[in-house]
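Encoded as C-alpha cells, the structure appears first; notes follow it.
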Amino acid sequence: MDRPAVSINLCVYKPGELLGQALGCLAAQETGGLFTFEILVIDDEPSAETERFVGEFAKSAAAPVRYVQTQGNGVSHARNAGIRESRGDWIAWFDQDQTAGPDWLLELYRTAGETGAAWVDGPRDLLLTDEQAGRLNAYLRGCLGEITEGAAVHRVERRYASCTGNALARKAALEAVGGFDETIFDGWEDWDYVRRFRAKGYPCWYTPKALVHHVVPVERLEAGFFRWHAARLGAAFASRDVREWGFFRAVLASVARLGQVLLVHGPLLAWARVRRDGKESLTRWCLVLRAVSYARKTLYYVSPGLFSQRRYHARLQLRNEPRYAVRRDP
C-alpha cells in the first residue's frame, strides 16, 4: 500500500455499538482526489470483541483500517500511540461518539492547504431531540460538547481548547512539539497540547464547514452529569492557570472566583430556584461548583501534602464519568 497522506486516529475506550457508526462515516469520507487516508482504531482497553469487529470492518472498507492496542493508560497515551503508528503526513482526530458527513475530512484538509495551517479544527453540534434541546441553555449545551465559533474561516486565537475530536494536524509539527502529557487524566490534555503547539509558533485555524455531530447518551442529560462536568472543568482551569500563570496568580484567581460565587452566582441561584427556572438553577449551581473545584485544585498545587484530596481528584478523572453522570439532585 502507498503511504497515505492522512491518518485518521479514532481513540476508543469501551466503544460498544457506537464504533460501527463512527467507522462507517469515516470510511465514507470523500477526498476530492486531493489525498488518500487510512483509519487507525487505537483501543485503550483492548478486547477480542473490538479487535474482531475492526478486523471484519476492514475487509470491506474502502480505506485501510488498522487496529492498535494500548494498555489503559489514558487518552493522552492513546493519542501518542496513534501519532507514532500513523503513516500519513497529517493526522486527523475523531471521537467514538461522533458522526460526520462525507466532506468532513476534505474540509479540514482543504482549509489547511488554503491557509498554511499546521492545525485545523471545526465545530461540533449535538444530536438531540427537540424535547431534549428545549431543556438546555447555551451553557449546558457547551457542557455536552457543543462547539461553534461562527460562520467564517479564521485563525484560532482562543486561549484554551481545541476539540481533538475534530482536528487535523501536520505530523511533523506534532512530533516537534512533543507528545500529549500522559500525567493528565481529568480531561484537559488537548488544552495543554494546543497551548504548547501555538507557543512553538505553529498556525492554527478554524473552519465552520468541518462539522461533526456528537451523540449524547441520555444519562448525560441528568443533573448529576452537569455537576460532575462543572467540577472537572474547574479543576482543569486551575491546572491550566497554574502552568501558565504560576501559583500566586492562580490563588488570586481562586479568590476572585469565590467572590463571584458570593456576589453573583449564589444570589442568582437562589432567585432561579424561587422562580423554579430549572435551566438557570442548574447552570448557576454548576458555576458555583466550578469555582469551588478551581479553588480546591489550586490548593492542591500550592501544598499537595496538606490538600491532597485524593478521592476528590480521582472522582474527576474522565473515565469515572459513568459513576457520577446518573446521580440526581438530592
* Calculated [θ] (222 nm, deg cm²/dmol) that DSSP helices of n ≥ 4 give over the chain, each run adding -39,500 (n - 2.57) -> -14500 deg cm²/dmol
* Structure fact -> Surrounding charge for THR50, neighbours by C-beta under 14 angstrom, Lys/Arg +1, Asp/Glu -1, total -4
* Three-way shape call for segment 1-152 based on the alpha-carbon gyration tensor, with the a/c threshold at 1.5 -> oblate
* Asked: Shape call for segment 46-133 from the C-alpha gyration tensor, a ≥ b ≥ c root eigenvalues: rounded (a/c under 1.5), prolate (a/b greater than b/c) or oblate?
  -> oblate
* **Leading residue at positive end of dipole, segment 174-214 (Cβ point charges), from THR207, VAL194, GLY179** => THR207
* Asked: Does segment 219-324 classify as rounded, prolate or oblate by the C-alpha gyration tensor (a ≥ b ≥ c root eigenvalues; a/c under 1.5 gives rounded; else a/b over b/c gives prolate, otherwise oblate)?
  -> oblate
* Structure fact -> In terms of the charge dipole of the chain, which places +1 on Lys and Arg and -1 on Asp and Glu at the beta carbon, the residue among GLN98, TYR294, ALA230 farthest towards the positive end is TYR294
* Using θ = phi - 60° and Karplus 6.51 cos²θ - 1.76 cosθ + 1.60, couplings along segment 34-41 (whole Hz; Gly, Pro as x) -> 8, 7, 10, 8, 10, 10, 10, 9
* List the extent of the Cα atoms of segment 169-252 along each of their three principal axes, largest first, rounded to whole Å. => 41, 41, 23
* Asked: Taking +1 at the Cβ of each Lys and Arg and -1 at the Cβ of each Asp and Glu, which of PRO267, GLY278, LEU221 sits farthest along the dipole of segment 219-324 towards its positive end, judged by Cα position relative to the Cα centre?
  -> LEU221
* To do: Rank these for me by crowding, THR164, THR115, going from fewest to most other beta carbons within 10 Å.
  => THR115, THR164
* Taking Cα centroids, how far is segment 118-132 from segment 29-75 in Å? -> 23
* To do: Return, for the Cα atoms of the chain, the radius of gyration and Dmax in Å, separated by a comma.
  => 20.3, 65
* Structure fact -> Output ordering of 222-229, 28-35, 149-156 (per-residue mean of other Cβ within 10 Å, highest first) is 222-229, 28-35, 149-156
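Values quoted throughout were computed directly from the atomic coordinates according to the rules given, and no laboratory measurement underlies them. Everything quoted here is computed from the prediction, not taken from an experiment. As a convention, Cβ positions derive from the backbone with ideal geometry for all residues, glycine included, and neighbour counts pool all protein chains shown.
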